[in-house]
Amino acid sequence: MEIKFWGVRGSIPCPGPETMKYGGNTSCIELRVKNPDRHIIIDAGSGIRVLGEHMMEHDLPKGNIETEIYLTHTHWDHIMGFPFFAPIYVPGTKIKIHGPVTYEEDSLEEIVGGQLAYRYFPVRRADLQSEIEYYELKEGKFDIGDGISMVTKYLNHPILVLGYRFEYEGKVFCTLYDTEPFSNLFITDPDDPSYDMAMAHEGQMVAQEENERMESFFSGVDLLVYDVQYTMKEYDPDKKGWGHSPVEYAIESAKRANVKRLALFHHDPVRTDVQLDEMSETYCSSGDNGEMEVFFAREGMVLSI
């Protein structure tokens, strides 16, 4: 499997001189499985625009484009690039778009394809020349063909989010974003008038169980892409509940789960290249990580497993 990062930022694109090294586009990861040739895209953030241009230049000359898009969720920064994905305008292109069931009135097709309407965009969905199919996913295990298995896992975010675990010929690639650690939602201060010891204890046990299930999901993977938008100092208490993880927690979780390589991902839009370099020195060069390789993902980075 070959993985390439086309967008690594969270929340909103942040182009400019201070983000050129790591990149300013929002989430988009390309997964190519060779022999047989299989093309998978994870998320359609602003990074998918450049990926689409690359596909037009390198893939289209070989024949009609066929690809699959797996959306982690439908927050704006993860779907905003779809109308700018050039292959959707090319006759003969076939795209299968998968994403979590929203349990809302609008379907996945309405949410993603609905961006192509005159109120938002100069081209309507009805004008597209490609063939696009939508599939709504729940948590589970799937055989997606060509010897590739996929496991989906609900994550912890203000909207329903899926983590993806792809396995092919004994190699495993896993995504874990957008998410944050599960925590006790009940009052834990005994001096609080609303404190209930039994509820506080049960809340703590449930949070611990869910975090253990999460680590089991990415246990032993060859490459894990993990949401680390914040540091622990930023996360607790100001950003807790926003659905993103502190980098310290991600590293410790991955170590416990015996992850081989950890790609730190979904960088805060205000984080500059200089700051990410400094964080890299702090979190990635430490001998505390053992045999696990830890690094901050950059646009254009290509990894093979």
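The values are calculated or read from the model by the stated rules, or taken from the named source; none is laboratory data. All values reported here derive from a predicted model rather than from experimental measurement. Glycine also receives a Cβ, built like all others from the backbone with ideal geometry; neighbour counts cover every protein chain displayed.
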*Condition broken by Lys233, with the remaining ones in (1) surrounded by fewer than 14 Cβ atoms within 10 Å (Cβ to Cβ); (2) not in a helix (DSSP H, G or I) satisfied*: (2)
*Could you grab me the full set of residues in the range 139-166 that are more than 25 Å from Tyr249 (Cβ to Cβ), of a type in the set (D, E, K, R) and either modelled with pLDDT of 95 or more or not in a loop (DSSP other than H, G, I, E, B) (or both)?*
Lys141, Asp143
*Quick check, is Glu299 part of a helix (DSSP H, G or I) and not β-branched (Val, Ile, Thr)?*
no
*Can you pull out the residues in the range 246-259 that are surrounded by fewer than 16 Cβ atoms within 10 Å (Cβ to Cβ) and farther than 15 Å from Glu180 by Cβ?*
Arg256, Asn258
*Would a scan of the range 165-174 turn up a residue that is in contact with a helix residue (DSSP H, G or I) (Cβ under 7 Å, 6 or more places away or on another chain) and either surrounded by 13 or more Cβ atoms within 10 Å (Cβ to Cβ) or small (Gly, Ala, Ser) (or both)?*
yes
*asked:* Any residue that is within 21 Å of Leu162 (Cβ to Cβ), in contact (Cβ under 8 Å) with a residue 60 or more places away in the chain and surrounded by 15 or more Cβ atoms within 10 Å (Cβ to Cβ) - is there at least one of those in the range 10-21?
replied: yes
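Restricting the search to the range 167-183, which residues are part of a loop (DSSP other than H, G, I, E, B) and aromatic (Phe, Trp, Tyr)? Outline the logic, then answer.
Narrowing the range 167-183 to residues part of a loop (DSSP other than H, G, I, E, B): 169-170, 177-183.
Correct list: Tyr177, Phe182.
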_Cβ pairs under 9 Å, 6+ apart, first in the range 215-227 and surrounded by 21 or more Cβ atoms within 10 Å (Cβ to Cβ), second of a type in the set (Asp, Glu) and outside any helix (DSSP H, G or I)_ = Val221/Glu167; Asp227/Asp178; Asp227/Glu180
